[in-house]
Amino acid sequence: MEKRKIRKEYYLETRSDVLLRNTEVFERWVRLGLNYMFLGMEALDEEGLDLFRKRVSRDDNMRALERARKLGITVAINLIVDPEWNTKQFENIRQFALSVPEIVHLTVKTPYPGTEIWHTEARDLTTLDYRLFDIQHAVLPTKLPLPDFYRELVRTQSVISRKHLGFAAARATMGIMAKHLVHGQTNFTRMLWRFNKVYNADRQYADHEREIRYTLPLPEHHDVSRTELFIHHRASSR
């Protein structure tokens, strides 16, 4: 790509520790067209980072974010919403999201087959409805009553949305909108003001009452060490 002077714009997903260990690689990628990064910080406090086995500290996350800024990369920060959160923790996320220029994206903690928490927390699942395993529904017990949990989640997402997708953001993205509209592409423009049609706390709660059409099979419950989860054992020849 360098020799042929091929110019492309692209993005990647990464972790804070990967960025900190390989800054020179990211610097080269920026020269090749990297301009957008999805940074999995996952938590803002040490307790949350330990819970999600991130193996980084809060300071590491902040250093990685600052390093990405210096490289000129647009960053979207991902944070994991723990069903154990109370209203204060949601408020902390809202304050953080408003204090940084980056986009903050929220995903709800969800055990998936093959992940560590699938083996350690699947027995606590409140549902096996496949449709709810979309990282926007709570499938583990919530500390708040479930309707309140969804109200806090949507309220937090709304604060983030207004920060980036209001009229001020529209003015800043007029060029992008015009480029898409010239080619007959209207999705980007329409989505700027469709938040309430996408995120709705009452509808998310009602989703739990729908008839289940497909369920995820529970794993066999046995003690699994953390090291086993990262090793692919050779299949038996029998």
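Scanning region 57-80 for residues that are among the aliphatic types (A, V, I, L, M), surrounded by fewer than 17 Cβ atoms within 10 Å (Cβ to Cβ) and assigned to a strand (DSSP E or B) returns a single hit, 76. When 145, 83, 101 are checked against the criterion of being exposed (fewer than 15 other Cβ atoms within 10 Å of the Cβ) and within 24 Å of residue 200 (Cβ to Cβ), a single residue qualifies: 145.
Of all residue pairs spaced 6 or more apart or on separate chains, those with beta-carbon atoms under 6 Å, a first member in region 111-125 that is closer than 15 Å to residue 217 by Cβ and a second member that is of a type in the set (Ser, Thr, Tyr) and at pLDDT 80 or above are 118/112.
When the residues of region 111-141 are filtered to those that are more than 19 Å from the chain's Cα centre (by Cα) and surrounded by 18 or more Cβ atoms within 10 Å (Cβ to Cβ), the one that is farthest from residue 210 (Cα to Cα) is 119.
The values are calculated or read from the model by the stated rules, or taken from the named source; none is laboratory data. Please read these numbers as outputs of a predicted model, since none were measured by experiment. All Cβ positions, glycine included, derive from the backbone under ideal geometry; neighbour counts span all protein chains shown.
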